[in-house]
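What follows is a set of notes on a single structure, which appears directly below.
Quick note: the coordinates plus some simple rules give every number you see, no bench work behind them. Note that the structure is a prediction, hence the values are computed from the model and not measured. Backbone-built Cβ (ideal geometry, glycine too); neighbour counts: all protein chains shown.
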């Protein structure tokens, strides 16, 4: 059984059932030969500018070559300040009209980044966008069961204290978060249970912010203290993130955990 991912819908049999208090589970069938391939990108929604269209073209080529099953977005889906609402044309101008390759007409699983929270975060989570483009699926935190691998998507922005105490002139949409301390505690509890119960060959966690990074933003101290111990204790294979606009592969010296950064649509 092989797992293939590249850092850089027509959805077949996509189903949803509830799991635990906060996390929803989505079923993503694997190929009949037992292989799984998907693309990962982050920090991309630029209406085609800043090389977004060029990266999308290359994604289409690689997606066809690998026959990818789906695409993962690590957040900061729309710049500079997310979407203004469900009717914001930036959704189609930065997503539907850019990722037009046949190989990319698969399910896209997305989380929110800090730039998304600067706009109408609720809009990106709405069913309305899924009606505009059925490939789109964005939630705060959820699980994708792809048989060979389970992918745990984690809403990392509320972990970062500075967004609450020093917004640097930005306004964040914290609707749906409530008390951030309680929100994080519940999310961590549910993630622990889900990881512990997982029997997948590959355990992958996706979030927007880096845990370990030598890029511009560096390590996210809140994730180092709150999330990293959970990943190590539950034998997670990969943590994938965006945020730092670079391509990084960092190995943990104390566990098999690998940190993969895919930012700026890489």
Once each part is reduced to its C-alpha centroid, what is the distance from the stretch 21-46 to the stretch 191-208 in angstrom? 13 Å
Suppose R0 equals 45 Å; then what is the FRET efficiency for residue 64 and residue 161 from their Cβ-Cβ distance, rounded to the nearest 0.05? 0.55
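How would you classify the stretch 137-199 from its alpha-carbon gyration tensor, with a ≥ b ≥ c the square roots of the eigenvalues: rounded for a/c under 1.5, else prolate if a/b is greater than b/c, otherwise oblate? Intermediate results must be reported in sequence, preceding the final value.
On the way: a/c = 3.04, a/b = 2.08, b/c = 1.46.
Verdict is prolate for the stretch 137-199.
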Could you tell me the center-to-center distance, by alpha carbons, between the stretch 245-261 and the stretch 53-84 in angstrom? 21 Å
Could you work out the helix-only [θ] at 222 nm for the chain, with each DSSP H run of four or more residues adding -39,500 (n - 2.57) and the total divided by the number of residues, to the nearest 500 deg cm²/dmol? -6500 deg cm²/dmol
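Among rounded, prolate and oblate, which fits the stretch 95-229 when a ≥ b ≥ c are the square roots of the eigenvalues of its C-alpha gyration tensor, a/c under 1.5 means rounded, and a/b larger than b/c means prolate?
oblate
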Added length on full extension, which subtracts the Cα-Cα distance from 0.36 nm per residue, residue 131 to residue 253: 39.5 nm
Peptides ranked, highest mean first, by Cβ atoms within 10 Å: ranges 70-77, 202-209, 167-174: 70-77, 202-209, 167-174
The stretch 3-262: C-alpha gyration tensor shape, a/c 1.5 cut-off, then a/b vs b/c: rounded
Among 46, 25, which comes first, then next, by fewest other beta-carbon atoms within 10 Å? 25, 46
Fraction of antiparallel bridges per DSSP, the stretch 3-262 only, in percent to nearest 5: 30 percent
